[in-house]
Amino acid sequence: MPGMRSGGGKCAQLVEFVDIYPTLCEACGVEPPADLEGTSLLPLVEAPERPWKKAAFSQFPRPYPPKDDWTEMGYTMRTERYRYTEWVDRERRIVARELYDYEIAPTETVNLAGQPEHAALEERLAEQLHAGWREALP
């Protein structure tokens, strides 16, 4: 980016698609809307190793591609080590969970959700997911 003191570095921090617009706004000197959910990534461009978001969030329907008759919505939170998903039906009941530990299975092949030995972790991640994106901000 023109005028940046550093460049060409790599960053392993969690970022989200919603962060792109506020980043471009800040880079162009434009005030973003107050109700914007994203966070400018310029601080990471300047210092890629700095502490950042505790989690990134996404949502997607099942079946995919989305149709008017979707049956479940997946709400996912990704932390540095874990991905936790709750599948919710139209009545807002949790119908399934997924929990992946990237240290155990980086390709998400071992779902730990529902296993008694991971119950406390699953509960902690569920609380973090329900707390939402604002609680995960840097």
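Overview of values
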{"quantity": "In Å², nearest 10: area of D35 left accessible to a 1.4 Å probe", "calculated": "130"}
{"quantity": "Segment 16-89, Cα convex hull volume normalised per residue, Å³", "calculated": "128"}
{"quantity": "Y75, Y100, Y21, Y84, ranked by accessible area, largest first (probe 1.4 Å)", "calculated": "Y21, Y75, Y100, Y84"}
{"quantity": "Net charge dipole size for segment 2-54 [Lys, Arg +1 and Asp, Glu -1 on Cβ; Debye, nearest 20]", "calculated": "320"}
{"quantity": "Stokes-Einstein D in µm²/s, Kirkwood radius over Cα pairs - the chain at 4 °C with 1.567 mPa s viscosity", "calculated": "76"}
{"quantity": "Percent carbon-and-sulfur accessible area, segment 17-104, ignoring ligands, DNA and RNA, probe 1.4 Å", "calculated": "55"}
{"quantity": "Nearest-20 debye value, the chain charge dipole, Cβ charges on Lys, Arg, Asp, Glu", "calculated": "220"}
{"quantity": "GNM result for the chain, Cα springs below 10 Å: residue of W87, W52, W70 fluctuating most strongly", "calculated": "W70"}
{"quantity": "In segment 84-138, trypsin sites (Lys or Arg not before Pro) in a DSSP loop with at most 12 other beta-carbon atoms within 10 Å", "calculated": "R90, R92, R93"}
{"quantity": "Largest to smallest accessible area among S40, S58 [probe 1.4 Å]", "calculated": "S58, S40"}
{"quantity": "For the chain, accessible area per residue (1.4 Å probe, heavy atoms of protein chains only), Å²", "calculated": "66"}
{"quantity": "For segment 86-138, the spread of Cα positions along each principal axis, largest first, Å", "calculated": "32, 28, 21"}
{"quantity": "In Å², nearest 10: area of H130 left accessible to a 1.4 Å probe", "calculated": "120"}
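The values are calculated or read from the model by the stated rules, or taken from the named source; none is laboratory data. Note that the structure is a prediction, hence the values are computed from the model and not measured. Counting neighbours? That spans all protein chains shown, and the Cβs are built from the backbone with ideal geometry, glycine included. Ligands, DNA and RNA are stripped out before the accessible areas are found, and what is left, the full protein with its side chains, is counted by its heavy atoms. Shrake-Rupley method; radii C 1.70, N 1.55, O 1.52, S 1.80 Å.
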